[in-house]
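The values are calculated or read from the model by the stated rules, or taken from the named source; none is laboratory data. As the structure is a prediction and not an experimental result, all values here were calculated from the model. A quick note on method: Cβ atoms are made from the backbone with ideal geometry, for glycine too, and the neighbour counts reach across all protein chains shown.
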Amino acid sequence: MVKVTLPDGSIREYADGSTALDVAKSISEGLARNVLAANVNGEVVDATRALPLEAQLSLLTWNDAEGKSTMWHSSAHLMAEALEFYYPGIKLAIGPPVANGFYYDVDFMDYEIREDDLPKIEAKMKELAKSKLEFVRKEVSKADALSYFEEKNDPYKLELINELEDGSITFYTQGNFTDLCRGPHIPNSGFIKAVKLTSIAGAYWRGDENNKQLTRIYGITFPKQAELTEYLEKVEEAKKRDHRKLGKELELFTFSQKVGQGLPLWLPKGAALRERLENFLKRAQRKSGYDQVISPHIGNKELYVCSGHYEKYGADSFQPIKTPDENEEFLLKPMNCPHHCEIYKSKPRSYKDLPVRFAEFGTVYRYEQSGELHGLTRVRGFTQDDAHIFCTPDQVKEEFIKVIDLVLYIFKTLKFDQFKAQVSLRDPENPGKYIGSDENWKKAEQAILDAVEEKDLPAVVEYGEAAFYGPKLDFMVQDALGREWQLGTIQVDYNLPERFELEFTGSDNQKHRPVMIHRAPFGSMERFVAVLLEHCAGDFPLWLTSEQIAILPISDKYNSYAQKVLDLLNNSDIRGFVDDRSEKIGKKIRDAELKKIPFMLIVGEKEAEQQEVSVRRRQHGDLGAMSIEDFAKLVNEAVESELAMNV
RNA sequence: GCCGGUGUAGCUCAGUUGGCCAGAGCAGCUGAUUUGUAAUCAGCUGGUCGGGGGUUCGAAUCCCUCCACCGGCUCCA
């Protein structure tokens, strides 16, 4: 008998050889129709596989992430079958599920495939799906596996098989298609009701640009047509939030081919926004004991030779500029830290001075490959909200906590409630590739883990992701299209203090080496503004937005009253403008709404007489008339509560 | 950098068997209108069709090349 424990704790018994599907059927036919895969004793497997004698079982459906990915994995196989139908002889590489669908990397040999070809492949997939092909699992010996793909002459599969252990190799077959695959798969292709192949792109075999470039086809499938429609609508909606589109519409930034690729130009409204963000952070940093410093945009090449950056990145960077007479070489600043190290060295430091915290909105220039540039999120010239903390190894934890507080304050103020933190630690397998003493590493890694725990951050720990010079903590958020971007970062560094021979005098009157912490809560102003723009869909918080109010006179007769209202509100630190065009009020309101201005003040005969304003809140409508003082108070209180430092 | 796609007015886009002066809406300008909570009307300006080269009697349209942008890959101090 097979003893099955279900997620609710109930235990049921079944005949030997029963499958998860049999269990589902015994519960309800409806459930059985929806089971895509099963989690058996912690492992996701085919719902059609015989259960072990003791099974902790949960049935996976479309509502489970593993259910979705199983179906998408099967969809990749289905696509491969459709592709082989149209392009016999193609070589298949890998076809995994991803966050939103699946892809297959294919070597199309001499075939040409274009986006226009995708619909016919979709159609074939739907046709195959309809015939409810079963996905049949088969264990094969390594020799048989090799001979199968030798016959098929597929070098990619052969390479993969060669790396596998004999005895652990499985094939899956559906219809006329057999693939090397660990599985699991859905019971049959009939679950796939809606298919959309979304894009076609190049991808290197095993992600290595020295390897052959394959053709990657991305797709997504759903169990219902309606869900596909909904998904496509969501994608459309996300495109409307794209920061590149909003940035243009709201006149925040632009690019010019003449100025150069990846070099953003901040327009007045964007610059004002950015300045406000900078002041916001500066104010918070002042409270946390940072000192502002300023360093130039170029630095002697020797500075970066000393820091080690030149050796590591010099060849792939903007090349040095030279002085005309002495041929002295200077680099565009790719990092602020070497400069800050020299600032640290400007005078002797005592343990009593530590921690020392130098902050700078430092603009840096890095050569990014042209294909990598992307709106404001990936550029060649950008401004880091950088700071370097020089402290003793014992102070690392406290400093981490303080920086985390700062990051959380920023996230809270700007309503980023969906973020994740990643702790990057040493690769325990390979301790030799890191600089710094083992003792200090242990201390710092523990400090970060403690800080994360203390602050209750949603964090994942990644071993081997640390930089060679120290462990780090990164903050990640997603953009409107689900792409993940790193924002803030906090990194421990043992390397630069060593290279720059930084010192402080301890209480023992001996020289000691400080630890350096790099940190940038926004990451870069460019990327942060981009992600923020998408996050709030252009509806910035009141404190941040460039134009808080639009004063809309009913007719030209009230322009002078409108101007007077603006002057009064300006005196109360409220920003805005008078729309004095001879347009009808409906038009002025529409335009202000489209410009995403939070408050519209309508002024006409009544208001001028009463010395009032009629307030209209964007997307809410008419709030009625109030005195100018009351409105100023309303705005200022709203701003204050948005900025409250109560983390 | 690599693969694929795209490039027509400030913006969004039409213009494909190569053929008269390259079009529309919005924006802008001028004038009329003086307006009460999401588009008042009329007229006008504006483009060497991304740049360069070629094929042709003739190119926005076909070919080559360069550039930029978009989707990925690789990379990211």
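So the values come out like this:
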quantity	calculated
Strands (runs of 3 or more DSSP E) enclosed by segment A:1-56 - at least 2 residues per element that are charged (D, E, K, R) and not assigned by TED's automatic domain parsing to the domain that holds A:PHE222	A:11-14
Residue check, A:ARG274 buried (at least 17 other Cβ atoms within 10 Å of the Cβ) and closer than 23 Å to A:PHE522 by Cβ	yes
Qualifying residue in segment A:119-137 (condition: closer than 21 Å to A:TYR103 by Cβ, modelled with pLDDT under 90 and not charged (D, E, K, R))	yes
Criterion (without any contact (Cβ under 8 Å) to a residue 12 or more places away in the chain and in the same structural domain as A:LYS352 (by TED's automatic domain parsing)) met by exactly one of A:ASP417, A:ASP450	A:ASP417
Residue list for segment A:372-402, restricted to those being part of a helix (DSSP H, G or I) and within 11 Å of RNA strand B (Cβ to nearest atom)	A:GLU372
Single residue of A:TYR409, A:TYR367 found to be hydroxyl-bearing (Ser, Thr, Tyr), farther than 23 Å from A:TYR463 by Cα and not in a helix (DSSP H, G or I)	A:TYR367
Residue list for segment A:412-446, filter: buried (at least 19 other Cβ atoms within 10 Å of the Cβ), modelled with pLDDT under 90 and in a helix (DSSP H, G or I)	A:TRP441, A:ALA444
Filter result for the condition that a residue is in contact with an Asp or Glu (Cβ under 9 Å, 6 or more places away or on another chain), surrounded by fewer than 13 Cβ atoms within 10 Å (Cβ to Cβ) and not small (Gly, Ala, Ser), over A:LEU60, A:LEU53	A:LEU53
Extreme residue, nearest to A:ASP556 (Cα to Cα), among residues of segment A:604-635 that are hydrophobic (A, V, I, L, M, F, W, C) and within 9 Å of RNA strand B (Cβ to nearest atom)	A:ALA608
Residues of segment A:324-359 that turn out to be surrounded by 20 or more Cβ atoms within 10 Å (Cβ to Cβ), away from RNA strand B (no atom under 15 Å from the Cβ) and not aliphatic (A, V, I, L, M), as a count	3
Sole residue being modelled with pLDDT of 90 or more and farther than 30 Å from A:LYS347 by Cβ, chosen from A:LEU473, A:LEU481, A:LEU496	A:LEU473
Sole exception among (1) modelled with pLDDT of 95 or more; (2) more than 8 Å from RNA strand B (Cβ to nearest atom) for A:LYS595, by number	(1)
Elements of type strands (runs of 3 or more DSSP E) in segment A:142-252, at least 2 residues being within 16 Å of RNA strand B (Cβ to nearest atom)	A:194-204, A:213-222
Residues that are closer than 29 Å to A:TYR344 by Cβ and of a type in the set (Gly, Ala, Ser), drawn from segment A:362-414	A:GLY362, A:GLY381, A:ALA387
Per-region count, segment A:306-317, residues part of a loop (DSSP other than H, G, I, E, B) and more than 8 Å from RNA strand B (Cβ to nearest atom)	1
Members of segment A:318-353 that are part of a strand (DSSP E or B), within 34 Å of the chain's Cα centre (by Cα) and of a type outside the set (Phe, Trp, Tyr)	A:LEU331, A:LEU332
Given (1) within 30 Å of A:PHE108 (Cβ to Cβ); (2) in contact with a Gly (Cβ under 8 Å, 6 or more places away or on another chain), number of the condition A:SER295 does not satisfy	(1)
Count of segment A:452-498 residues which are part of a loop (DSSP other than H, G, I, E, B), under 21 Å from A:LEU408 (Cβ atoms) and of a type in the set (Gly, Ala, Ser)	0
Subset of segment A:1-50 (residues that are surrounded by 12 or more Cβ atoms within 10 Å (Cβ to Cβ), free of Cβ contacts under 8 Å to residues at least 40 places away in the same chain and either of a type in the set (Asp, Glu) or at positive phi (or both))	A:ASP22, A:ASN41
Conditions (1) surrounded by 16 or more Cβ atoms within 10 Å (Cβ to Cβ); (2) touching a strand residue (DSSP E or B) at 6+ places or on another chain (Cβ under 7 Å): number failed by A:PRO155	(1)
Residue within segment A:501-518 that is more than 10 Å from RNA strand B (Cβ to nearest atom), at pLDDT 95 or above and closer than 23 Å to A:LYS412 by Cβ present	yes
Condition met for A:ASP539 (more than 9 Å from RNA strand B (Cβ to nearest atom) and in a helix (DSSP H, G or I))	no
Residues satisfying the stated conditions in segment A:593-632, i.e. touching a Gly at 6+ places or on another chain (Cβ under 9 Å) and free of Cβ contacts under 8 Å to residues at least 60 places away in the same chain	A:ILE597, A:PHE599, A:LEU601, A:SER614, A:VAL615
Within segment A:253-264, considering residues that are in contact (Cβ under 8 Å) with a residue 60 or more places away in the chain and surrounded by 13 or more Cβ atoms within 10 Å (Cβ to Cβ), the one nearest to RNA strand B (Cβ to nearest atom)	A:GLY262
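Yes/no per residue for (1) farther than 19 Å from A:ASN188 by Cβ; (2) among the basic types (Lys, Arg); (3) over 37 Å from the mean Cα position of the chain (by Cα):
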residue	(1), (2), (3)
A:ALA99	yes, no, no
A:GLU115	yes, no, no
A:LYS138	no, yes, yes
A:SER147	yes, no, yes
